[in-house]
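A short reminder: the numbers here are calculations on the coordinates, not readings from a lab. Everything quoted here is computed from the prediction, not taken from an experiment. Note that we place each Cβ from the backbone using ideal geometry, even for glycine, and neighbour counts take in every protein chain shown.
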Amino acid sequence: MRIVSGIPHIQHGILKARVDIYPDRTCLNYARCIVDAQDDYGNLLGYKQLNPLHSHFIKVGETTALQDLNDYLERFLTPADLKTLDANLALPDRLHRINPFMKERTVLDKTPVATRDIKDLIASAKMRFAPLDLKTTLDGERLILPTRSIDIGADATDRANIARIDQTTYLDNTNVANASGTLEAYSAWVDAACADPYFNTWYVNGGNHKCRDTEQIGVIEIGTPSTGSGLDIAVETDDKIGCTDPTDLYAIISTDTNYGDLLYKSGHYYTVGDDQTFGVTSGPLSLKLTGTESGGGLGIPIAMHLRKMMEAG
């Protein structure tokens with residue numbers, strides 16, 4: 001397997017490095033990570049590309065060096081850990097299993113950012129971590145992890161319709177949180193690569209919805225359920241999940257044709273405190289997140305429930 005650096009970002013005042021984990025031919029998920037390449041507008045380029053097996057975010061300091069990140073990854077993503085990750089990502093309920101496992105591998109340095117020049121800090125961190133290129137061979141036993149997280153949102157599958165998140169902000173209207181805590185992992189199926197989407201939580205505010213928290217994700221490649229971990233998105237009981245991609249590059253998440261399962265508003269709304277009126281359209285989105293309840297030192301899962309189940313009972 002191969003681990004390379006992605007684009008860093010800042011969440012809740014802390015710098016986060018992104019690492020993308022690519023499979024090799026020994027991985028159970030190798031075949032599903034090979035997809036048709038396309039340009040920024042969804043046009044096929046006539047060749048195949050290898051997508052990451054998984055993306056992971058790690059809290060780092062402003063002065064964290066490349067060697068520090070390299071050493072952390074070698075310690076906390078060992079060949080045995082990667083073999084376990086590969087095995088669980090091959091299962092249908094993958095996101096239920098990997099969330100607590102990867103949560104233990106998210107903090108190198110959680111010192112808040114002090115600099116005021118955020119753009120310069122991001123550019124500096126991107127350049128500093130760019131040479132990261134770890135190669136390893138899977139080793140050890142494939143451990144199947146317990147299912148300790150309950151999901152919010154719909155399964156990340158290839159659906160009958162599409163949602164242009166490069167033009168619109170969408171809120172899932174099928175699952176809401178029945179506990180408060182933090183959302184930490186995602187799975188998404190995109191029909192055109194997303195350059196830099198934001199995932200966020202929203203709550204009902206009178207006749208509107210208001211953004212509670214948001215996190216920048218970075219590139220999500222076309223096809224196959226793309227997964228990531230190490231998120232820190234605050235969520236409260238009855239919140240909904242939203243997403244948009246403000247880069248204005250062609251970006252599509254797979255969706256379906258069930259009217260009422262999705263809320264929408266033209267434009268990009270992802271800033272904490274955004275207060276907007278949304279219309280109703282067909283869904284759901286192929287976007288799922290998992291997390292753990294606040295105060296749960298042992299990784300108590302955030303439970304989610306279907307709106308229709310609520311209405312029925």
Under a crude label model (7 Å from the Cα following the beta-carbon direction), how far is Q67 from E141 in nanometres?
3.6 nm
How far, in nm, would the chain grow between E104 and T26 when pulled straight, counting 0.36 nm per residue and subtracting the alpha carbon separation?
25.6 nm
Between A80 and V272, what length in nm is gained on full extension when 0.36 nm per residue of separation is reduced by their alpha carbon distance?
65.2 nm
Choose one of A80, T63, L53: the residue whose Cα lies farthest towards the positive end of the charge dipole of the range 47-98 (beta-carbon charges +1 Lys, Arg; -1 Asp, Glu; about the Cα centre).
L53
Before rounding to the nearest 500, sum -39500 (n - 2.57) across all DSSP H runs of length at least 4 in the chain and divide by the residue total; then give [θ] at 222 nm in deg cm²/dmol.
-4500 deg cm²/dmol
Explain nothing, just the number: relative contact order of the chain, from Cα pairs under 8 Å at least 6 residues apart, as a whole percent.
22 percent
Ascending count of other beta-carbon atoms within 10 Å, so fewest first, for V107, V176
V107, V176
Quick check for me: using +1 on Lys/Arg Cβ and -1 on Asp/Glu Cβ, what's the dipole size of the range 1-90 about its Cα centre, in debye to the nearest 20?
200 debye
Extension reserve of the D133-A90 stretch, reckoned as 0.36 nm per residue once the Cα distance is removed
13.1 nm
Please name whichever of L95, I14, P131 sits farthest to the positive end of the charge dipole of the range 2-135, dipole taken about the Cα centre and charges placed at Cβ: Lys and Arg +1, Asp and Glu -1.
L95
For the chain, modelled as a GNM with alpha-carbon contacts under 10 angstrom, which of Y259, Y203, Y72 fluctuates the most?
Y259
How do Y30, Y264, Y170 rank when sorted from fewest to most other Cβ atoms within 10 Å of their own Cβ?
Y30, Y264, Y170
Run the dipole for the chain about the Cα centre, Lys and Arg Cβ at +1, Asp and Glu Cβ at -1, nothing else charged, and hand back the magnitude in debye, nearest 20.
360 debye
Would you please report the Å³ per residue occupied by the convex hull of the alpha carbon atoms in the range 2-135?
136 Å³
So, in nm, how far is label D248 from label K119 when the simple model puts each one 7 Å beyond its Cα toward the Cβ?
1.6 nm
Once you charge only the Cβ atoms, +1 for Lys and Arg and -1 for Asp and Glu, what is the size of the charge dipole of the range 135-274 about its Cα centre, to the nearest 20 debye?
120 debye
Pick out, from A193, L249, N178, the residue whose Cα sits farthest towards the positive end of the charge dipole of the range 152-312, with +1 on the Cβ of Lys and Arg and -1 on the Cβ of Asp and Glu.
N178
Using a Gaussian network model of the chain whose springs link C-alpha atoms within less than 10 Å, name the residue from G242, G153, G42 with the highest mean-square fluctuation.
G42
Whole-Hz Karplus ³J(HN,Hα) for the range 99-107, in order, using 6.51 cos²θ - 1.76 cosθ + 1.60 and θ = phi - 60°, x for Gly and Pro?
4, x, 5, 7, 4, 6, 10, 10, 10
Exposure proxy ranking, count of Cβ atoms within 10 Å, fewest first, for T247, T277, T255
T277, T247, T255
Below 8 Å, C-alpha to C-alpha, sequence gap of six or more: please give me the relative contact order for the range 152-312 in percent.
39 percent
